[in-house]
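First comes the structure, then the notes that go with it.
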Amino acid sequence: MDRSVLMLVVLGLLVLLLALMGLGWRARLRRQSAIAAPPAPPEGTGTGTGIGVFSARYVATTISGDPLDRIAVHGLGFRSVATLTVTDAGVLIERPGERLWWLEAASVHGVRRATWTIDRVVESDGLHVLEWALGDQSVDSYFRLDSPGAFDTALEKMLHREASAS
């Protein structure tokens, strides 16, 4: 077979593969269209008293208990840098080019550590997993924190204050 024909076959297969990937992503968006958008922060000073501000990398949000089922809707499907502001009332998540999310302390079911999720593997317990309620759906959001110990302390304060207020 001539080299130019072989190259055209390979390029054709690559184009087909990219088209199928695009169709798969669109199908995922359609399947997840009923998932609620992350809540926006409350107006004014409703975010409570600040405990700490932490820089991180947002890795993914998945269906709770299934670290391979990425949520793609509402801008949750792409990794990015993030700033997490922990207050006594919840966690404010800022990502460049995306709208702010507000995780009210009562919606956070738990925090744990993980080593892997859909497209990221790190050292043992290198990811923080915030388990929270997104509408009627329980989800896990994965973050890689620059200062994980201080973040743990801040979340403990937030969750402890929420438990004391209940």
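Helix 148-165: angle to the longest alpha-carbon principal axis of the chain, degrees 0 to 90, nearest 10?
Orientation of helix 148-165: about 50 degrees from the principal axis.
Could you provide, to the nearest whole Å², the per residue accessible area of segment 6-95 with probe 1.4 Å?
Values: 5020 Å² over 90 residues.
Using a 1.4 Å probe on heavy atoms only, each residue of segment 6-95 averages 56 Å².
Taking all protein chains together and a probe of 1.4 Å, list Ser33, Ser4 from the most accessible to the least accessible.
Values: Ser33 85, Ser4 65 Å².
Ranking Ser33, Ser4 by accessible area, largest first, yields Ser33, Ser4.
Take the solvent-accessible surface of the protein heavy atoms, probe 1.4 Å, and return the percent of it on the chain that carbon and sulfur atoms account for. Before the final figure, lay out the partial values.
Working: 5470 of 9290 Å².
Accessible surface attributable to carbon and sulfur in the chain totals 59 percent.
Once each part is reduced to its C-alpha centroid, what is the distance from segment 1-78 to segment 93-166 in angstrom?
Taking the Cα centre of each part, segment 1-78 and segment 93-166 sit 18 Å apart.
Normalised by the number of residues in the chain, what is the relative contact order in percent for Cα pairs under 8 Å and 6+ residues apart?
Values: 292 pairs, mean separation 38.7, N = 166.
23 percent.
On a 0 to 90 degree scale, rounded to 10, what angle separates helix 3-31 from the longest Cα axis of the chain?
Computed tilt is about 30 degrees.
Using only the Cα atoms of segment 73-166, what are the Rg and Dmax in Å?
Expressed in Å, the Cα Rg and Dmax of segment 73-166 come to 13.1, 37.
Just how many % of Cα pairs in segment 34-118 lie over 22 Å apart, if you round to the nearest whole percent?
On the way: 901 of 3570 pairs.
When every Cα pair of segment 34-118 is considered, 25 percent fall beyond 22 Å.
Can you tell me what the convex hull of the Cα atoms of the chain projects to on average, as an area in nm²? All intermediate terms of the calculation are to be shown ahead of the outcome.
Working: hull surface 49.6 nm².
Spelled out: convex hull of the Cα atoms, projected over all directions, averaged, 12.4 nm².
Tally Lys/Arg at +1 and Asp/Glu at -1 over every other residue whose Cβ is under 15 Å from the Cβ of Trp116; what's the total?
Charge balance near Trp116 sits at +1.
The values are calculated or read from the model by the stated rules, or taken from the named source; none is laboratory data. Just so it is clear, the structure is predicted and the values come from calculations on it, not from any experiment. Backbone-built Cβ (ideal geometry, glycine too); neighbour counts: all protein chains shown. Keep in mind that these areas ignore ligands, DNA and RNA; they rest on the heavy atoms of the full protein, side chains included. Shrake-Rupley method; radii C 1.70, N 1.55, O 1.52, S 1.80 Å.
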